[in-house]
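Engineer: The structure is given below, and queries will be raised subsequently.
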Amino acid sequence: MALHGKKYSGDLLGRKYGSNDAFQPLGNVTELKTDAKVKEDTLPSTGREDYGQPIDSEITPEPTTISLKFNTFDKFGLARALMGEAVDLTTAPVTFADESHKVKLGWIDLANDDIDTANFTLKDSTGATVDPTHYELNPRLGMVRFTELSTLASDSTFTVDGKTKGSAGFQIDANTLQSLPLELKLDGKDRITGKDGSLWIPHTNLSSDGSIDWFSDKWWENGFKGTLIKDEDKPTMRFKELNTTV
């Protein structure tokens, strides 16, 4: 077999460790790195002529670590990056009535977001409907701000009636998970020889490592670091390459 350099590409799949879930694509992988290190305990000589030279040495392998980076995201990828879980939003519109607030300067936070602007009414403390030109509504965040045309006194009470759109979507509460135990499989290809290769990692414990620049003009990228866990009767990882190309 001829010697070749190695350059790989592939699709990384994963599922929750210990589950029978279907494997899911994890995103566009820009880094998949395993790092094996050793700890060496050397017994040095104190002799006159060979001071400092090793008499004996013990090599102890340390746990293999893994680092991953991705630059594409679905809701599950974002959840992993934020160390949380993606929860689908309810699509049933919510009706609210006589929701009471105090007049303040700036944006006033309402109880609901995703508000249907066609079904929104704001009333003063007497129950009279306030002219919509006297306030601004941010339906996405669920906030109102009174304009210069408003005649309502500061700290007076107003109420809002309406309903939400019930838009489909998801939300993620960040930093609710300590770690991500996963089983990984790489469906890979040697870009030099064209041969098919695979990498199986039965058990790794990962955590988000890095930052997200929310306003960056560059593509978002997020990384993970962790350790390969040795389970009974399984390798920490298994690499397989076939003498076939597809």
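Engineer: If I filter region 162-183 for residues that are open to solvent by 40 Å² or more (accessible area, probe 1.4 Å), charged (D, E, K, R), within 23 Å of Thr64 (Cα to Cα) and over 25 Å from the mean Cα position of the chain (by Cα), do I get at least one hit?
Structural biologist: No, that holds for no residue.
Engineer: Pairs, please: C-beta under 6 Å, at least 6 apart or cross-chain, first residue farther than 16 Å from Lys104 by Cα and in region 123-142, second of a type outside the set (Phe, Trp, Tyr) and buried (at least 18 other Cβ atoms within 10 Å of the Cβ)?
Structural biologist: The qualifying pairs are Pro139/Ile115.
Engineer: Sticking with this one: Within region 62-84, is there a residue that is closer than 21 Å to Gln171 by Cβ and open to solvent by 70 Å² or more (accessible area, probe 1.4 Å)?
Structural biologist: Initial filter on region 62-84 (closer than 21 Å to Gln171 by Cβ): 70, 72-84.
Narrowing the set further to residues that are open to solvent by 70 Å² or more (accessible area, probe 1.4 Å) leaves 74, 76.
Checked region 62-84: at least one residue is closer than 21 Å to Gln171 by Cβ and open to solvent by 70 Å² or more (accessible area, probe 1.4 Å).
Engineer: For region 179-213, how many residues are under 17 Å from Gly84 (Cα atoms) and either aromatic (Phe, Trp, Tyr) or assigned to a strand (DSSP E or B) (or both)?
Structural biologist: Final tally of qualifying residues: 8.
Engineer: Asp113 passes all but one of (1) part of a loop (DSSP other than H, G, I, E, B); (2) without any contact (Cβ under 8 Å) to a residue 24 or more places away in the chain; (3) among the acidic types (Asp, Glu); which number fails?
Structural biologist: (2)
Engineer: Which of the residues belonging to region 30-59 are among the hydrophobic types (A, V, I, L, M, F, W, C) and either loosely packed, with under 11 Cβ neighbours inside 10 Å or over 37 Å from the mean Cα position of the chain (by Cα) (or both)?
Structural biologist: Val38, Leu43, Ile55, Ile59
Engineer: Just to be sure I understand, how many residues within region 184-211 are among the hydroxyl-bearing types (Ser, Thr, Tyr), open to solvent by 20 Å² or more (accessible area, probe 1.4 Å) and over 13 Å from the mean Cα position of the chain (by Cα)? It would help to see each step written out before you state the result.
Structural biologist: Step one: list which residues in region 184-211 are among the hydroxyl-bearing types (Ser, Thr, Tyr), which gives 193, 198, 204, 207-208, 211.
Restricting the remaining residues to those that are open to solvent by 20 Å² or more (accessible area, probe 1.4 Å) gives 193, 198, 207-208, 211.
Add one more test, that the residue is over 13 Å from the mean Cα position of the chain (by Cα), and what stays is 193, 198.
Summing the residues that are among the hydroxyl-bearing types (Ser, Thr, Tyr), open to solvent by 20 Å² or more (accessible area, probe 1.4 Å) and over 13 Å from the mean Cα position of the chain (by Cα) in region 184-211 gives 2.
Engineer: Any residue in region 32-58 that is of a type in the set (Phe, Trp, Tyr) sitting within a Cβ distance under 7 Å of a residue that is surrounded by 10 or more Cβ atoms within 10 Å (Cβ to Cβ)? List the pairs, counting only those 6 or more apart or interchain.
Structural biologist: Short answer, once both residue conditions are applied: Tyr51/Ser45.
The values are calculated or read from the model by the stated rules, or taken from the named source; none is laboratory data. It should be emphasised that the depicted structure is a prediction, and the values quoted were computed from it without experimental measurement. Because the Cβ atoms are built from the backbone with ideal geometry, glycine has one as well, and the counts that use them run over all protein chains shown. Accessible surface areas use protein heavy atoms only, side chains included; no ligands, DNA or RNA. Shrake-Rupley method; radii C 1.70, N 1.55, O 1.52, S 1.80 Å.
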